[in-house]
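I have placed the structure first, in the form of structure tokens, so that the comments after it can refer back to it.
The values are calculated or read from the model by the stated rules, or taken from the named source; none is laboratory data. Predicted model only: the values in this text are computed from it and were never measured. Glycine also receives a Cβ, built like all others from the backbone with ideal geometry; neighbour counts cover every protein chain displayed. Heads up: the accessible areas ignore ligands, DNA and RNA and are worked out on the full protein's heavy atoms, side chains in. Shrake-Rupley method; radii C 1.70, N 1.55, O 1.52, S 1.80 Å.
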Amino acid sequence: MQLFREMGPRGRLALAAELNEALDDLARAGIRARYGDLPDAEARLRLFALRLSREQMIDAFGWDPGRS
């Protein structure tokens, strides 16, 4: 915890960004494992669908993750 406190706001923000990127990479790997080689656009939509509800996906992107 001391090291975390010593990082300062910019250091903590950079660390959070790195962790988010690592989590996205893991999520993308899981998507590829489940669905195979997808077009980049569909893989990106499936990544968003992990965070948004079905209704939000349909409203925001016009894409239903349950139908594809």
(request) With a 1.4 Å probe and every protein chain kept in, tell me what percent of the accessible surface of the chain is carbon plus sulfur. (result) 56
(request) Treating each Cα of the stretch 4-43 as an identical point scatterer and ignoring solvent, apply the Debye formula and state log10 I(q)/I(0) at q = 0.15, 0.23, 0.30 Å⁻¹. (result) -0.49, -0.71, -0.93
(message) Tell me the mean residue ellipticity at 222 nm calculated for the chain from its helices only (DSSP H runs of n ≥ 4, each -39500 (n - 2.57), averaged over every residue, nearest 500).
(response) -25500 deg cm²/dmol
(message) So if I place +1 on the C-beta of Lys and Arg and -1 on the C-beta of Asp and Glu, and nothing else carries charge, what would the dipole magnitude of the chain be about its Cα centre? I want it in debye, nearest 20.
(response) 160
(request) Any chance you could run the full-extension gain for A41 through E21? It's 0.36 nm times the residue separation minus the Cα-Cα distance, nm to one decimal. (result) 5.4 nm
(request) Return a whole-number percent for the relative contact order of the chain, with Cα pairs under 8 Å and 6 or more residues apart as the contact set. (result) 18
(request) Please list the non-local residues whose amide H lies under 5 Å from the amide H of W63, H modeled 1.01 Å from N, same-chain partners needing a gap of 5 or more. (result) I58
(request) Calculate, for the chain, the solvent-accessible area per residue in square angstrom, rolling a 1.4 angstrom probe over the heavy atoms of the protein chains. (result) 79
(message) For the chain, take every pair of Cα atoms, bin their distances at 10 Å starting from 0, and report each bin as a whole percent.
(response) 19, 36, 23, 17, 5
(request) Please build a GNM for the chain, connecting alpha carbons under 10 Å apart, and tell me which residue among R12, R54, R28 fluctuates the most. (result) R12
(request) State, to one decimal in nm, how far the label point of I58 lies from the label point of Q2, with both points 7 Å from Cα in the Cβ direction. (result) 5.5
